[in-house]
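Please read the structure below before turning to the comments.
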Amino acid sequence: MPTLKYYVWLSRRVGAIAAGHVLRHFGSPEAAFFAQEDEYKNVEGIDKSDIASLCKKELTTASSILARCTELGHRILTIQDAEYPERLRNIYDPPIVLYIKGRLPAIDEEPIIAVVGTRKSTPYGMKMSEKCGYELARHGLVVTTGLARGADTAAALGALRGGGSIIGVLGCGLDVVYPPENGKLYEDVAACGALITEYPPGTEPSGSHFPVRNRIISGISVGIAVIEAPLRSGALITANRALEQGRDVFTMPGNIDAVMSAGTNNLLRDGAIPLTAPIDIITEYADLFPLKIKTDRVEKAPLDKRLEREMLATQEKPEKTTEKAVDKPPPVGYIDVEKTALSLEGTEKTVFDALRKQSGRVHIDDIIAQTGLAASDALGTMTMLEIEGYVVSQPGGYYSLPGS
């Protein structure tokens, strides 16, 4: 318990990236807590605002959080616990603390699939999300989703109907139900699996929380299924995070003139795995998780899909024609960067201006250093700019302007 108090303190003082740098430097949260200001200056990857925050040594908030978790029956898992998933520990910015309600499965041993989509799903999207959740759960795969309105809710309901385990990843405290109408769903998910979050009890939902939590959804998964998403969607952020983390991305095709399928169709164009039915996912992982996935009701594909893709990849690819390059629409925001900068306000403008003053890719740590923002604020703002189409994320924590 004493050690746990310092983990909670560190998680509330700085963002996940900075907290990781601090832990690697000092070896433990206790050592970080008792360090002096001059010692913090030797930690690579943190800025002045992080150092100022770390110098605040009060533990009252951490103690209150621990007491509230005990009262609610919520468990806390730290990044140095043996039970902490390796999948999540190995991403670029893992949370150093997870709050858990329910029974978390042994994530590294499970075929976990994230089912995500837009909050404004069409009836088709809702139907396919529920069907996907149902079939995956019925065949022994674990479904994870964000429990947001639309596709997330439909997938969760399908997984519950399929009798499988499910993990809900929240962008708020475990004791805060969002959206409000999902209170019963929260309880059902916790009873059949687990609710997890990096935010302590009492944390209200915030626009910047949800894109940031998406890295956890993809981080605990072996693959994600994007059912329906417009060009600007949190589901596409999850897909990008999944690709950065080396996860498989499955995408369900939609009509070429359907606004809610524009983002998913773009994913297919860029090489996502076509998802025409849940069996595409089930057979993909059946051989990797033979003791978990139930294939007695599934007709095995004549050729393993992974092998088939590898064979196709070895074939010579035709060169892209000039016509294709001309027909491809320009990236969102590429034409008038100056006008975009004038339209932004607050931290979004601060972060955007810092990015556009440099050419090519810029690392998030450089943005933090230039703006003086806390790491969590800079990362959350950058993610919101990405959703709005003003920036593009690159592997390894780099960002650039669209088309640069």
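What the table below lists for this structure:
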item: Arg68 vs. criteria touching a residue at least 60 places away in the same chain (Cβ under 8 Å), over 21 Å from the mean Cα position of the chain (by Cα) and either surrounded by 22 or more Cβ atoms within 10 Å (Cβ to Cβ) or more than 22 Å from Val249 (Cβ to Cβ) (or both); result: yes
item: Test set (1) in a helix (DSSP H, G or I); (2) more than 28 Å from Val222 (Cα to Cα); (3) modelled with pLDDT under 80 - Met382 fails condition number; result: (2)
item: Only listed residue being closer than 16 Å to Thr118 by Cβ, part of a loop (DSSP other than H, G, I, E, B) and not charged (D, E, K, R), chosen from Pro211, Pro230, Pro205, Pro200; result: Pro230
item: Residue check, Leu288 more than 18 Å from Arg119 (Cβ to Cβ), of a type in the set (A, V, I, L, M), touching a residue at least 60 places away in the same chain (Cβ under 8 Å) and not in a helix (DSSP H, G or I); result: yes
item: All positions within region 80-121 that are surrounded by fewer than 19 Cβ atoms within 10 Å (Cβ to Cβ) and more than 14 Å from the chain's Cα centre (by Cα); result: Gln80, Asp81, Ala82, Glu83, Glu86, Arg103, Pro105, Ala106, Asp108, Glu109, Arg119, Lys120
item: Filtered residues of region 254-281 (kept if within 22 Å of the chain's Cα centre (by Cα) and either among the small types (Gly, Ala, Ser) or in a loop (DSSP other than H, G, I, E, B) (or both)); result: Ser261, Ala262, Gly263, Asp270, Gly271, Ala272, Leu275, Pro278
item: Number of positions in region 3-55 that are closer than 18 Å to Asp81 by Cβ and either touching a residue at least 24 places away in the same chain (Cβ under 8 Å) or outside any helix (DSSP H, G or I) (or both); result: 19
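Matching residues to (1) assigned to a loop (DSSP other than H, G, I, E, B); (2) over 20 Å from Arg213 (Cα atoms):
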{"site": "Ala62", "(1), (2)": "no, yes"}
{"site": "Thr70", "(1), (2)": "no, yes"}
{"site": "Leu77", "(1), (2)": "no, no"}
{"site": "Ala82", "(1), (2)": "yes, yes"}
{"site": "Ile113", "(1), (2)": "no, no"}
{"site": "Thr118", "(1), (2)": "yes, no"}
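The values are calculated or read from the model by the stated rules, or taken from the named source; none is laboratory data. Predicted, not measured: the structure shown is a model, and the values here were computed from it. Positions of Cβ are backbone-derived with ideal geometry, glycine not excepted, and every protein chain shown enters the neighbour counts.
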